[in-house]
Structures are given as structure tokens and as C-alpha cells.
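Here's the structure, in C-alpha cells; my notes come after.
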Amino acid sequence: MSNRMAGGPKKCWPLIGFSLICLKMVASAKTAPEIPTIDQAYSKISNSITVEWATVPGATSYLLTAEDGDTVIETMVANSPGTVTGLKAATLYQITIRSISATGRSQASPPKQAKTVLAAPILEVSSPSPDSILVQWEAVYMAIGFSVSIMRANGLGRIWKENTTNTSLTFTSLEAGTLYTIKAYAWNANGTPGDDSTCNQRTSPPAPANIQVSFDSGALKASVSWAPTEGAFNYTVMALSDSSELSCRTTLSACTISSLQCGTEYLISVLASNDAGASKSTSAEALRTVACAPGRVTIQEDPPGHLSVAWSDVDLGDYYVAFVKSDDGLEVHCNTSLTQCNFLSECGFTYFISVFAYNKAGQSPLGDVFNYTTAPCCPTDINPVLVSSDRVEIVWSPVRGAELYETKAVDGFTVVECNDTAPACTLSALECDTKYNITVYSFSEVRGSNMSCTSQFITTVPCCPAGLTVTQVTQSLINVSWTVGTGAQTYVTVLESHTGQSKCLTHQNQCLLGCISCGVNYTVVLKAISATGLTADCTYQSYSSSACCPLGVKLYRLGPNGIRIYWQASRGSANYSTDLYGSKGIFTCAPSAGLSFCDVTEIPCGDVYTVMVSPVAETGLKLTFCPQKIYSVTCSGSTLGMVIYRGKRNAE
């Protein structure tokens, strides 16, 4: 019994299954809807087949089935016609249909074969030129030909249609910058068309026309304008030269290219662009920019008063203008096709020099501005004045451009010079009786000394005596002597004080001057005069005449062997010395400061003495020209008393 139970399900299940199937069939026969009949099955789209059938009463929906031997695809639809999607293109399918109601579904209908149409070609389109569109695609499975059509996207105008067995096609004679719609489909051997592809393509724009170029020479930029182009989204302006490429982009119909180079010739062209690409470039417009500023500018002044300005030649320069402006504001210029200009110049000016090149585009940019300072002017009103035998004072008017003056006196071997910012100079230590060539040179730090200044000759004066000696002969008479001065023929000696003047004229080298006051300071002037009348004023140190000789000289006894000498001092202060000359010796005494007497002790009596009271010079020299008195000193009588006056002796 256990064996019967183990094998029962294997067999039963089939029996049960069979019974169920049978029962189901019986039930279906009684309750399922009718089997639909397919009227037609066809494909209009490469991934679907459309089925048409007669409506089954009681059916609420239908199940469409498509089989290609590899796959089965089912689709529920509500009514006829119905479409099975998700199919493969250009593939034969067996199509069946079942009706479905609330009580169940029917048996599958007799199959009907249908083939999906060809797939749509995948298009690649471009516009190689403003009047053409190129359409390209890959091969389509089972296709033997293709149809391609084109028309304006706005629907206006005609439709072009071409059939081909190739995989590319070019439409020409189109309108530039216009949007077109392209459609294409493949067909099979039966001529059945497949799916179509649709895309839009714009032709590239035409080249812009009416190109206008305006050049701004000051800013070195070019403004380019043109007539708007149909279908252009933007524009590109290009400026090409041998060494550079510049461009600008814009959506407008004008554009400015900056940073152009001077002295360069550019070719200006304009491209119009849209989503299809760029137009052909326009015919290039030639643009010559302004020339660059001339370089290697040299300035020379040769001879003085003539400026020569030279420069290097520049590309695209038709002619040149050189401007010269002085620091007083005056400007001159010259216009030349050469590379040099000459100008007149004046001394003491700073000139500012610039050179420009010109062509039809305008003036070159400003280059370097050069300055050139001419030599300072030479003094013209030089007035040398001899102020002594070895000194000349020179004055002149200030001159333009001079910062310093160099004054030189040249006698052929030696040079005496002085430098000063003032228009005056004193040349000292000149040789007397010498001919000098005197020149005043003007000097500036930039240009140095103006060596073209003219000279003046001056002869000087006789030499002053190298030494002058004043000797007092008497109280009112002095002798002035000197060494001979070179070049002098005549001398004038003058002693001058507040009390008056004493003068003598001589051809010798000494002179006696009288009427001299004692105790007075004199100025001693010696003038040396040449044969031509040139005079050298030789001033020496002051001379003080000696103090006046004292008056009222008297002697008094001071005991047996003493003598007091008394006198009346002259005007002014002076030192005195007293001398007594006798047969038994010479006795001397000097008073204390401020006193007008002095004492001599131990003097022998019984002798005759010559007494002289003399002023003593500052040098200590004792003057000997004062009067002498003779006194007798006796040995008898009182020891005190007056010494006997015996007479007066003239000074020797």
C-alpha cells in the first residue's frame, strides 16, 4: 500500500492535470469569449506592429502576442486596432490575439505574419558653406535606398527631395544663414518606407560686407564696422600682421581692436558665425598704423650756435617733424623726409627736442624727449680795474646759463685764477709791470666751461718798492727811502695825518719830507708811476713820528754827588731818557712811569756836563735830535741848590 501511495502523485498529477485541463476546456467551451479573427497586421513604425480584428461580444480586452522565434512580446489592448511595441526593426513576427472577458480568455487566434518596417537612419548634418547642407548617416539594416528632403524650418518656400542609395547627400543653392528642416527614411526591397528622422540645421552665414576700418592713431586701436549678416550669431574681427594676430568678438556689427603696434601693416578681416560654423573671411582690408617714434636721436652743437638733430629711419614713416622748444617757451620745428634737421641755437638755453614720424595714418606716438643745454653765454662787458700793483678787480653783468665764473689771468708762464658764483672777481698776487691775458669763462654743470670766451690784455702797473724805510732826521723832518720798483720812473711820497699832509715828487729812491708834527700817526703812501702814466698805489704801515722834545730842562743838586734832572713833558705820553756827558764819564737815568724827572747819583762835581733829555721810540731807539744844554757842577757852596747853567749846544 505504501508503494501505491508513492507512485500515485507522479501519475495522478498528470491525470489530475489532464482532468483539470479537460474540465477547463469544458468550462471554457461553455464560458470563455469567442476567438478573435485577425483582419490584418501591419507595421508603420520600426518598433511596433498594428493589428486589426472584429470585435468579440463580451470581451473586455484583448491580448496581442508577437513571436519572432527568439522572443515573445505580449500587449494588452482595449479594442481594435491594437499595437504591439518594443519590437525589432525589419523583423518578421507571428501575430496572435486572444479575447478576454470576466469569465476567462479565449484560445489564440490563427496566427498572422507581419514584418516591422526599417529603422530610421541616424542623421549627421552640417553646413560646409553658406549655401549648402551636408546630410550623412550610417547604413540601415535591410535598406536598399533612402529618401531625404529639406525645406525651410518656417515652412516657407519649396521642398527639395532626393533619393539615393548612398549614405550621404549634399543640398546646394540654399540660402545662407537660414534654418532648414531635414527629413530622411530608408526603404526595403519592396519599396516599403521605414521610420523617418527629422533634424534642423542652419546654413553658415555669408561673409560680412561693407567693411569699414577707422584707425585711432593716439590710442593705437582700430574700429571696424560692417553690414549685419543674415543668420549670424556673432562676429570675429581679425587683424593679422607678420608678427602677431589680434582679434575681437561681438554680437553687434562693430568691434574695436586694441593694442595695435606702431609701424605695422595689418590685414583686417571679419568672420560671421552661427551654430553651423563660420563664414568665409571677407576680403582683407589693409591697415597701416602710424610709424613708431624715431629712435637713436643724436644732438650735436657744432659749431656753437648750430644744433644738428639726427635720428634713425623708421618703417612706414613718410616724413618727419622735429620740434625744438627752449626753456623760455619758444618753439620751432622742421619738416623733412630726411633723417636730420638743423636749428639755430643760443648760448645758455636748455632745448627740449622730440621727433615724430608721420604717414597717412597720422602722427607716431611720443618717443623720448631729449634735452640739450648749450654752453653758458660769455660775459661781454668785462671791466678790469687795477686797484694795486698786484691786484685787479673785474666786474661784469651776469650771463644766461652760467652757474659759476672762472676768471684767469695768464702771463705766459703763470696762471692766476678765481672761481665764484658772483659776477665779480679780484685777482691777487699778480706780478707788477707784467702784461696779462685776462679771460672770464662761464661754467655750467651740464656743459662745463664755455672756452670760446674772448680775452682782454691788461698791463699793470709799476712794481711797488719791496722795502720802504722812514727815518726821522729832526723833530719836523723825516727821510723816506725805498728800493727801486720795476717799471717805475717817478715816485710820489705822501705822509698824511689829521694834522695835514706832506708830499714830495722825485725820480730818485728817497725823499725828505718836512713840516712833520711830533707825536702824530701818519699814513705813508708811495705811488710808483710808469713812463706811460700807470700808477701803483703802494700803501705801507702807518708811521708814528717821534714824541716831542721836552721843554724847561733844569738840573738841581741832590747832595754832594747827586743831580736831579727835571723837564716839562710834551703833549701825549712818551718815555724819556736822560744823558749827562762830562769829562769824567757819561751818566744816564730814566724816570719812573708818569714822572718828568730822574736822579743821577754819584756824579763827580767840579765838571761841566752836556745834558740831553730825549724821547725813546717804541722800538727802544733813543732819538738824538733834541736840544742839548751845558751845566757846570761846582764843588763849593751848599750841597743843595741850582746847578749853574752855562749855555745850550745844538744837537749833532
request  = Scan segment 69-99 for residues that are basic (K, R) and either under 60 Å from the mean Cα position of the chain (by Cα) or in a loop (DSSP other than H, G, I, E, B) (or both) and report the count.
outcome  = 1
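Between Y436, Y441, which is in contact (Cβ under 8 Å) with a residue 24 or more places away in the chain and over 30 Å from T350 (Cα atoms)?
Residue meeting the stated conditions: Y436.
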inquiry  = Based on this model, can you work out whether L252 counts as under 29 Å from S127 (Cα atoms), of a type outside the set (D, E) and not in a strand (DSSP E or B)?
reply    = yes
remark   = Over segment 382-408, the set of residues closer than 13 Å to C432 by Cα, part of a strand (DSSP E or B) and either open to solvent by less than 50 Å² (accessible area, probe 1.4 Å) or hydrophobic (A, V, I, L, M, F, W, C) (or both) is L386, V387, S388, V392
key: Search result, residues across segment 476-494 that are open to solvent by 60 Å² or more (accessible area, probe 1.4 Å) and either assigned to a strand (DSSP E or B) or over 17 Å from C504 (Cα atoms) (or both)   = T486
inquiry  = Checking I603 against (1) in a loop (DSSP other than H, G, I, E, B); (2) closer than 15 Å to A547 by Cβ; (3) at pLDDT 85 or above, only one condition comes out false. Which one?
reply    = (2)
key: Subset tally (residues that are closer than 29 Å to D390 by Cβ, surrounded by 13 or more Cβ atoms within 10 Å (Cβ to Cβ) and touching a residue at least 24 places away in the same chain (Cβ under 8 Å)) for segment 505-521   = 5
Qualifying residues in segment 441-461 (those that are in a loop (DSSP other than H, G, I, E, B) and farther than 27 Å from I529 by Cβ) - the one most open to solvent (accessible area, probe 1.4 Å) = E445
message = Tell me yes or no: at least one residue of segment 29-41 is among the acidic types (D, E), surrounded by 13 or more Cβ atoms within 10 Å (Cβ to Cβ) and at pLDDT 90 or above.
response = yes
query = Do we find a residue being farther than 30 Å from H507 by Cβ, in a strand (DSSP E or B) and open to solvent by less than 60 Å² (accessible area, probe 1.4 Å) anywhere in segment 531-553?
reply = yes
ask   = What's the number of the condition N3 fails, among (1) modelled with pLDDT under 95; (2) surrounded by 11 or more Cβ atoms within 10 Å (Cβ to Cβ)?
value = (2)
query = Hey, any hits in segment 312-331 for a residue that's among the polar types (S, T, N, Q), outside any strand (DSSP E or B) and out of contact with any Ser or Thr (no Cβ under 6 Å at 6 or more places or on another chain)?
reply = yes
task = Of the numbered conditions (1) within 58 Å of the chain's Cα centre (by Cα); (2) surrounded by 17 or more Cβ atoms within 10 Å (Cβ to Cβ), F171 fails exactly one; give the number of that condition.
result = (1)
task = Could you tell me which residue of segment 270-303 is surrounded by the fewest Cβ atoms within 10 Å (Cβ to Cβ), considering only residues that are part of a strand (DSSP E or B) and under 37 Å from the mean Cα position of the chain (by Cα)?
result = A286
note = Exactly one of T634, T619 is open to solvent by 80 Å² or more (accessible area, probe 1.4 Å), among the β-branched types (V, I, T) and without any contact (Cβ under 8 Å) to a residue 60 or more places away in the chain, and that one is T619
message = Filter segment 332-341 down to the residues that are part of a strand (DSSP E or B) and open to solvent by 50 Å² or more (accessible area, probe 1.4 Å) and list them by number.
response = V332, H333, N335, Q340
Inter-residue pairs, beta-carbon under 6 Å, first closer than 21 Å to T619 by Cα and in segment 572-598, second assigned to a loop (DSSP other than H, G, I, E, B), 6+ apart = G572/G519; A574/A547; S577/A590; S596/A569
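The values are calculated or read from the model by the stated rules, or taken from the named source; none is laboratory data. Values in this document were obtained by computation on a predicted structure and should not be read as measured data. Counting neighbours? That spans all protein chains shown, and the Cβs are built from the backbone with ideal geometry, glycine included. Just so you know, the surface numbers come from the protein's heavy atoms only, side chains and all, with ligands and any DNA or RNA stripped out. Shrake-Rupley method; radii C 1.70, N 1.55, O 1.52, S 1.80 Å.
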